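Report on the following structure.
The values are calculated or read from the model by the stated rules, or taken from the named source; none is laboratory data. Please read these numbers as outputs of a predicted model, since none were measured by experiment. So basically every Cβ, Gly included, is an ideal-geometry build from the backbone, and we count neighbours across all protein chains shown. Side chains are part of the model used for accessible areas, which takes the heavy atoms of the whole protein and leaves out ligands, DNA and RNA. Shrake-Rupley method; radii C 1.70, N 1.55, O 1.52, S 1.80 Å.
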Amino acid sequence: MSSSGSNVPHPPDNSRAPVFWRVEGSLLNLTAVRPVGFFAWNAQSFLERWTRRGGMGLLAMARPLLYIVGRVAATRVLHTVLRGVSRDRLDLLGEEFFEYHLKGRLKPRGVEKLREALAAGADIVLVSQGLDHIMRPLAKYLGAHRIVSNRLDFRDGLATGRLLDPVIRPRGPLGRLRGNRPDGRVTREQLLRDLGFAGRPETLDGAIRPAERPAAKVSVPVVFSGSPAKPVPLSVRESLRGKQILLIGGTGFIGKVWLASLLSELPEIGRFYLLIRGRRSATARERFDRMIEESPVFDALAARHGDGLGNFLRDRVEVLSGDVSQPNLGLPEEVASRIAGSLDLVVNSGGLTDFNPDLRDALAMNVRSTAYLLDFLGRCRRAALLHLSTCYAIGQRDGRILEELPRNYSPRGGPNFVATREWQSLEALVRETEARADSAEVAEEIRQEAIGKEHAAKDLHGAALENQIRKSRVRWLRRTLTDSGRRRANELGWPNTYTFTKSLSESLIRDYLDATPGAAIAVVRPSIVESSVAHPFLGWNEGVNTSASLSYLLGTFFRQLPTNASKCLDLIPVDLVSRGMTLVSAALVERRHERLYHLATSAVNPCNMRRSIELTGLGHRKFYRAQNGLQHRLRLKFDAIPVSKGRYDKLSAPAQKMIVQIINRSVMPIPFVRPPLARQERELEKVIKLITLFEPFILYNDHVFDAGNIERLNAALVPEERARFGYDARSVDWWDYWINVHIPALRKWCYPLIEGRPLEVRPRRRPEVDRRAGASAAGSLGAAP
């Protein structure tokens, strides 16, 4: 229900005749030129801005003549300067132009009259010569649902510069004289004459459009070859009812979201066992308690259960202190035997996600842990395994990536590559490097390096020097093994140690499946996992994840990103990954699973690098425009653009670093003078390293990940469960996601960590557990047996 003065919109009533309301005169003194000039001056690159500005200048001289020829022709020519501007940019700039330029200029009497009409139940249709990119936010603000406005033609998301028919021409001189009254209502007949549609009245009906911004339609077909026309229905609730699940990696980004989702949506589950590794600073129970108390992921669960949250968790969760990188999962034998006999499903979402970590850590967490987990799976009576990997385990390849799990996979396709032999070779390399670190040769090298330093260790002697040498040896070993892992990965066709070791773990799983035909295992490969769209809430993210550092860079004065503009950047929201995992879990329990599932968007809802870079810049622009201060206003003008690798090397960070180095080295012979640009040189070096790290994902390896298996599972889901458990990657509106969800989420949850700032302080929850049950509660909430 709405009252006069309210901007709560009424839904349109198509059974009533529309009431046309001319915007110009009654609500705004809006010309066609000013919005187009704003769009032109805020194009993505500096060259575009000045070129379009020059075009506007030429049109300003020619416009009087064009206006004499015809108002429609003049309007068409005016909008040609927007050729090549993206729909994404025009949508955002339209909102900005209304918010910061038009909103304050609305005529109060006209707004009052329009809202009175809306309150009386009129089906208002706003009519304007402006583009729909501006009229939509105006209509939303006023509460109108439909508009008649000019619309640009787009191809591949870029404006062609041509206005679609019908063109809404500006008012003539007589129209201006009679159209400045607050009540902008125009009869249908008068409007047909004003717009030149008198002989074609149906044109006006076809020009009426919804005021909502239309999401891009995804028209990429998915073919289910070899599948039945009507899949056997799948019920997640029935499949997982009463099941016992072991979750590894439940404290990680994906694991937490999946755990919270199932605890909220599937109370039918029998019991969760959480394998958590204790640390020096916190036991497994303390880590779990801290996660429940502090993580926003569990806010909804806490709000639902209130003071009973502790008892709810006690009844459903048992925390096990263990380590998946150790034999028997690091569990005492009696505990391992107890759960092995009762488990229905093991979900391994753990692993090390650093791109190039110490090889010892990568092998322990990504390879050795998989081997030990498979050994444990062999002890289980009926447990299935869901193993979380990554789409990028396929390494340096181009083209469509099918959902296959080949034996002894290597991107270079070498016939002599054997995954288990490679793993053992890497373990031997670690042992050899550790032994070499203790050799006299390396010790002397480290000693000379420590003595020769210009600070810290230069004046050290005796025990202090030996302590410095010991620390240097640790750093040498870590650096050497990090370089060795990355070098070996590159030799075999993987971009980094992370994807290399993840692929090795997949090969171990394939070997296990070959040796154990009855084993139920599914490898789930998400692409780049990012901010949530709905669960646990809109815009959840955590830590410095895969793309946070790169998107942060694009929000600074950095402009030229080397990339393949047509290459797809495959992102997927974390709650879509969680839903996919739930569907695969149900399929595993029912033994109707496939061996491998891609959870990715590149095949069904692609977003290429050109668009991703621009959307990132637009997301930052929306934030900076809402801030005060000179630096924020300057950053509005620095949109990142996709460039070739050659242009990046010649004009961006590498060239800038070379100039800075020349300046710094030029003052080195001068006593007591420090290099003036030392900090800038370090920052440029960080930028170069970051770009190098991401080049395999933004410049090379144009992947398209087939995702038919998860779509087939989703098609089988019973209708009554689709709202809660359905998987639909096509529903992601990338414009809304990047600008209103992802970039704000990164700014709230990730950028403070990059800048060394603390996250916002949150009140801690302290779920109390009723322990009157005595021994029966031991080992449940946070207590390892």
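If R0 is taken as 22 Å, the Cβ-Cβ distance between Arg105 and Arg181 corresponds to a FRET efficiency of 0.80. Only the Cβ atoms of Lys and Arg (+1) and of Asp and Glu (-1) were treated as charged; on that basis the dipole of region 549-654 about its Cα centre amounts to roughly 440 debye.
Ranked by the mean number of other Cβ atoms within 10 Å per residue, highest first, peptides 300-309, 160-169 order as 160-169, 300-309.
For a Förster distance of 51 Å, can you work out the FRET efficiency between the beta-carbons of Arg431 and Ala215, rounded to the nearest 0.05? If you can, show how the numbers build up before the last one.
Values: r = 55 Å, r/R0 = 1.08.
Efficiency for this residue pair is about 0.40.
When you filter the trypsin sites (Lys or Arg not before Pro) in region 27-134 for DSSP loop state and at most 16 other Cβ atoms inside 10 Å of their Cβ, you are left with Arg83.
To the nearest 0.05, what FRET efficiency results for Ala17 and Leu693 with a Förster distance of 51 Å applied to their C-beta separation? Kindly include the intermediate steps, with their values, before the conclusion.
On the way: r = 61 Å, r/R0 = 1.19.
It comes to 0.25.
Rolling a 1.4 Å probe across all protein chains gives Met658 an accessible area of roughly 110 Å². Ignoring ligands, DNA and RNA, what percent of the accessible area of region 255-294 is carbon or sulfur (1.4 Å)? Here carbon and sulfur together make up 39 percent of the probe-accessible area. A simple charge model with +1 on the Cβ of Lys and Arg, -1 on the Cβ of Asp and Glu and nothing else charged puts the dipole of the chain at about 2780 debye relative to its Cα centre.
Pick out, in residue order, every one of the trypsin sites (Lys or Arg not before Pro) in region 613-705 that is DSSP loop and has at most 14 other C-beta atoms within 10 Å; say none if there are none. Spell out each step's value before the answer.
Details: sites: Arg621, Lys622, Arg625, Arg633, Arg635, Lys637, Lys645, Arg647, Lys650, Lys657, Arg665, Arg679, Arg682, Lys686, Lys689; in loops: Lys637.
Listed in order of number, the matching sites are Lys637.
Using per-residue counts of other Cβ atoms within 10 Å, averaged over each peptide, order 367-375, 574-582 from highest down.
In decreasing order of mean packing, 367-375, 574-582 become 574-582, 367-375.
For the ranges 38-48, 394-404, what's the packing order if you count other beta-carbon atoms within 10 Å of each residue, average per peptide, and put the highest first? Write down the numbers at each step before the final one.
Numbers: 38-48: 17.5, 394-404: 15.8.
Ranking the peptides 38-48, 394-404 by packing returns 38-48, 394-404.
Using C-alpha pairs under 8 Å with a sequence gap of at least 6, the mean separation divided by the residue count of the chain gives a relative contact order of 15 percent. Probing with 1.4 Å while keeping every protein chain in the model, the per residue accessible area of the chain equals 45 Å².
If you sort the three axes of the alpha carbon gyration tensor as a ≥ b ≥ c, you get a/c of 1.5 or more for region 603-664 and a/b no higher than b/c, which makes it oblate. The alpha carbon radius of gyration of region 1-159, expressed as a multiple of 2.2 N^0.38 Å, is 1.12. Sorted from greatest to least, the principal axis extents spanned by the alpha carbons of region 303-412 come out as 53, 37, 30 Å.
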